[in-house]
Amino acid sequence: MNPVELLGLFAAACTTSCFVPQVVQVWRTHSTQDISLGMYALLCVGLLSWLVYGLLIQSAPIILSNAFTLLLASGVLLMKLRFERAGQLQHKP
């Protein structure tokens, strides 16, 4: 692996790992009230697009970072949908 790809992998690790605390916090608290549904939905579409792009150009840093980030962001998005729906069902008269 060349130095440019190593730099890409390092950058990918830094930006991808920033999602881990959010996933952990949402999982522990079941609170997604302050998380934007639109932002996470659009983020997931963008990450999927980057992943496909990475596959087409066969770039390991782009593939790995976007696959893992898509997994984390999708987890937050799914928890938001699940926890908010559960909260709405509990508050129905």
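The values are calculated or read from the model by the stated rules, or taken from the named source; none is laboratory data. Note that the structure is predicted; figures quoted are calculated from it, not measured. Please note: Cβ atoms are built from the backbone with ideal geometry, for glycine as well, and neighbour counts cover all protein chains shown.
Can you name every residue in the range 1-59 that is closer than 20 Å to Leu81 by Cβ and not in a helix (DSSP H, G or I)?
Hits for the range 1-59 are Phe19, His30, Ser31, Thr32, Gln33, Asp34, Ile35, Ser36.
Under 8 Å by Cβ, and 6 or more places apart or on different chains, what pairs join a residue from the range 68-87 that is touching a residue at least 40 places away in the same chain (Cβ under 8 Å) with one that is among the small types (Gly, Ala, Ser) and surrounded by fewer than 19 Cβ atoms within 10 Å (Cβ to Cβ)?
Between residues of the range 68-87 that are touching a residue at least 40 places away in the same chain (Cβ under 8 Å) and residues that are among the small types (Gly, Ala, Ser) and surrounded by fewer than 19 Cβ atoms within 10 Å (Cβ to Cβ), the close pairs are Leu77/Ala41; Phe83/Ser31.
Please list, ordered by first then second residue, the pairs with beta carbon atoms under 6 Å, 6 or more apart or interchain, first in the range 17-35 and of a type in the set (Ser, Thr, Tyr), second crowded, with 16+ Cβ neighbours inside 10 Å and at pLDDT 90 or above.
Partner pairs satisfying both residue conditions: Thr32/Val26; Thr32/Lys80.
Checking Leu42 against (1) more than 30 Å from Asn2 (Cβ to Cβ); (2) of a type outside the set (Val, Ile, Thr); (3) surrounded by 13 or more Cβ atoms within 10 Å (Cβ to Cβ); (4) modelled with pLDDT of 95 or more, which test does it fail?
Among (1) more than 30 Å from Asn2 (Cβ to Cβ); (2) of a type outside the set (Val, Ile, Thr); (3) surrounded by 13 or more Cβ atoms within 10 Å (Cβ to Cβ); (4) modelled with pLDDT of 95 or more, Leu42 violates only (3).
From Thr29, Thr69, grab the single residue that is loosely packed, with under 15 Cβ neighbours inside 10 Å and of a type outside the set (A, V, I, L, M, F, W, C). If you could, list the steps in order and put the result at the bottom.
Numbers: Thr69 fails: loosely packed, with under 15 Cβ neighbours inside 10 Å.
None of the others qualify; the one that does is Thr29.
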